[in-house]
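Inspection log for the structure reproduced underneath, given as structure tokens.
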Amino acid sequence: MIYLLNFMPNFSQPILAHDKNQKTKMKMKNISIFIITLLFISSCNQTEKQKSENQSREQLDNSTANEKVINLDYGFKITFLENEEFTDNKIYWNTKIFFDSQVVFTDTKTLFEIKDNYPRIRKIGNKFEILFYENDSPSIDKIRMLIFSNGYLEKNERLPLFGMKPIDIDNDGVKELIGLLNASELWGDDTIYMPYNPILVYEFNENGILIDSSETIKINSDIYGSFYGFRYDSEIKFVNNENFYEALDKYK
Ligand SMILES: [Ca+2]
């Protein structure tokens, strides 16, 4: 028998201040539709040659109509070329990030959602941090963190979808976030086993979101009796490890 523990509620409140501005998006969509309509009307009165030219232009504009554009601060822009709507969510992929009109990031496969104030941008020193809400189904959703420095991608990392606000866990004056990169898949009949699923601690401050190795080692050593690394490992199993749930509850 297999149980899937999906701990990790969404952010109840955004941790960063960037506002995507729904009205702007709606306006852009409306403008796109308006432009396409104008092109269609004007093309009705063209010669055959002009019609042919306009057809290729209309094809371009049709693809633009499906494109989702999000303008971020600091000269960054995100475009999703493809999307699909489901009952509970809408998925976007085929992603590009532009900085001052130059493409600085391309990803054709990763699935993103626009929710909980993601995607969002933050200036950290002379770098920029862009966070996406990544749909990693059938695993649990994640945050995708991109760091840009001088217009170039410096870091591309998956983070847990932290189910908490940043708090100072160890009283060192720096706030932390904790989360999981995997759901805990439980198995067994009479005896229920759970895998090694490390709770990851990140420091969250004006310099970015960075793994707090010492605190991660400490928390997981307390839970599992020893530290087995930063990654999920189903080969390492535990029985009725209440410490795991207590630790999660503690930092919710
Ligand atoms: Ca701290």
Checklist entry - Hey, any hits in segment 113-120 for a residue that's more than 16 Å from the ligand (Cβ to nearest atom), in contact with a Pro (Cβ under 8 Å, 6 or more places away or on another chain), assigned to a loop (DSSP other than H, G, I, E, B) and not assigned by TED's automatic domain parsing to the domain that holds Arg231? => result yes
Checklist entry - Among strands (runs of 3 or more DSSP E) lying entirely in segment 149-215, which contain 3 or more residues that are of a type in the set (Val, Ile, Thr) and in the same structural domain as Tyr228 (by TED's automatic domain parsing)? => result none
Checklist entry - Do you know which of the residues in segment 180-218 that are more than 25 Å from the chain's Cα centre (by Cα) and within 13 Å of the ligand (Cβ to nearest atom) is farthest from Tyr245 (Cα to Cα)? => result Ser214
Checklist entry - Does Leu111 count as in contact with a helix residue (DSSP H, G or I) (Cβ under 9 Å, 6 or more places away or on another chain) and not β-branched (Val, Ile, Thr)? => result no
Checklist outcome for this item: Only one of (1) aromatic (Phe, Trp, Tyr); (2) outside any loop (DSSP other than H, G, I, E, B); (3) over 30 Å from Phe105 (Cβ atoms) does not apply to Tyr228, and that is (2)
Next on the checklist: Can you report the number of residues in segment 98-139 which are modelled with pLDDT under 95 and either over 22 Å from Gly208 (Cα atoms) or hydrophobic (A, V, I, L, M, F, W, C) (or both)?
Outcome noted: 5
Next on the checklist: What's the total number of residues in segment 153-179 that are within 9 Å of the ligand (Cβ to nearest atom), of a type outside the set (Val, Ile, Thr) and over 23 Å from Arg231 (Cα atoms)?
Outcome noted: 4
Item to check | Subset tally (residues that are part of a loop (DSSP other than H, G, I, E, B) and touching a Phe, Trp or Tyr at 6+ places or on another chain (Cβ under 7 Å)) for segment 134-148 | outcome: 2
Checklist outcome for this item: Note on segment 180-236: residues surrounded by fewer than 16 Cβ atoms within 10 Å (Cβ to Cβ), of a type in the set (S, T, N, Q) and more than 30 Å from Arg122 (Cβ to Cβ) are Thr191, Ser221, Ser226, Ser234
Checklist outcome for this item: Exactly one of Leu210, Leu161, Leu180, Leu186 is among the hydrophobic types (A, V, I, L, M, F, W, C), out of contact with any Lys or Arg (no Cβ under 8 Å at 6 or more places or on another chain) and under 27 Å from Ile91 (Cα atoms), and that residue is Leu180
Item to check | Lone qualifier among Thr106, Thr95, Thr110 - being outside any strand (DSSP E or B) and assigned by TED's automatic domain parsing to the domain that holds Phe148 | outcome: Thr110
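The values are calculated or read from the model by the stated rules, or taken from the named source; none is laboratory data. Bear in mind the structure is a predicted one, so any value in this text is a computation, not a measurement. When we count neighbours, we look across all protein chains shown, and the Cβ atoms used for this are built from the backbone with ideal geometry, even at glycine.
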